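This report concerns only the one structure given below.
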Amino acid sequence: MTLIIVIVVIVLLIAIYAGLYNSLIQLRTHAQESWSQIDVQLQRRNDLIPNLISTIKGYSKYEAGTLEKVTKLRTELNSIPDSDHAKKMEVSNELTGTLRTLFAVAENYPDLKASAEYQKLMEELTNTENKIAYSRQLYNSTVAALDAKIQSFPSNIVAKIHHFQQMDYLQVPEEAKAVPKVSFDDLGD
C-alpha cells in the first residue's frame, strides 16, 4: 500500500512538473510569435515606404531632407538583426516620428492630399501603424505573463532548472510620453 502511495505521489509530482514546464514553453513561444508579428508589420511598413516616397517626390521638391531621412532609417531598420529587439524598436520609433513629420509636410500640398494613390498609401500605412501598436501591446502582455510565471512558485523552480529568462518589455519612446501642447490662442472668437 505504501509503495502505491509513493508511486502516485511521484507520478503526481512529475505531472505537475511537466505541466509547469509546458506552460512556460507555451508562454515563451507565444512571446516569440508576438515578436514575429511586430516584425511582419515593420516589414510591411518598410515595403510601403518606397511607394509613399515616390508619390510624395512628385509633388514635393523641397522636402528632400525628410525623404532622405525616411529612406536612411528604412535601410537601417532592414539591416538590424532580428535578435536585437531594442535597437529594432528604437529605429522603428524614430522612423515613425519621421513619417509623422512627412505627413505633416504633405498637408502643405493639397494636390498630393487629393491624390488617390497617396490616400490609399496613407490608409495602408495607418492600418499598419495600428497593427504595430496592437502587436506591441500583445507582445508586452505575453511577456508580462511569462515573467510572472517565471517569478511565481513553484514554476520559478522549473524555470531556473531549464534556464528560462525574463524578457524585456517594448518601451514607449520618451517623445511619445510628452504631453502635447494645445493652444487656442490662434482661434478666432
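Assuming R0 = 22 Å, what is the FRET efficiency of S54 and K87, from their Cβ-Cβ distance, to the nearest 0.05? Walk me through the numbers on the way to the answer.
Working: r = 28 Å, r/R0 = 1.26.
Given R0 = 22 Å and the Cβ-Cβ separation, E is 0.20.
To the nearest 500 deg cm²/dmol, what mean residue ellipticity at 222 nm is calculated for the chain from DSSP H runs of n ≥ 4 alone, each contributing -39,500 (n - 2.57), summed and divided by the residues?
Working: 7 runs with 148 residues, N = 189.
That calculation yields -27000 deg cm²/dmol at 222 nm.
Scan [x] 173; [y] 128; [z] 106 for the value of volume of the Cα convex hull per residue in Å³ calculated from this model and give just the label.
[x]
Roughly speaking, what is the stretch gain from Q165 to V6, that is 0.36 nm per residue apart minus the C-alpha to C-alpha distance, in nm to one decimal?
53.9 nm
Once each part is reduced to its C-alpha centroid, what is the distance from the stretch 34-99 to the stretch 104-140 in angstrom?
Here the two parts' Cα centres lie 12 Å apart.
Once amide H atoms are built 1.01 Å from N in the peptide plane, which residues 5 or more positions from Q166, or in another chain, come under 5 Å H to H?
none
In the stretch 76-121, which GluC sites (Glu not before Pro) fall in coil by DSSP and have 13 or fewer other Cβ atoms within 10 Å?
Working: sites: E76, E90, E94, E107, E117; in loops: E107.
When the GluC sites (Glu not before Pro) of the stretch 76-121 are filtered for loop state and at most 13 Cβ neighbours within 10 Å, E107 remain.
At E33 and K120, where each label point lies 7 Å from the Cα along Cα→Cβ, what is the point-to-point distance in nanometres?
About 3.3 nm separates the two model spin labels.
How high is the relative contact order of the stretch 2-168, given as a whole-number percent (alpha carbon pairs under 8 Å, six or more residues apart)?
Details: 107 pairs, mean separation 60.7, N = 167.
The normalised contact order for the stretch 2-168 reaches 36 percent.
For labels at A104 and S152 in the simple 7 Å Cα→Cβ model, what's the distance in nm?
4.4
A short reminder: the numbers here are calculations on the coordinates, not readings from a lab. Quick caveat: nothing in here was measured; it's all calculated off a predicted structure. Note: ideal-geometry Cβ built from the backbone for every residue, glycine included; neighbour counts use all protein chains shown.
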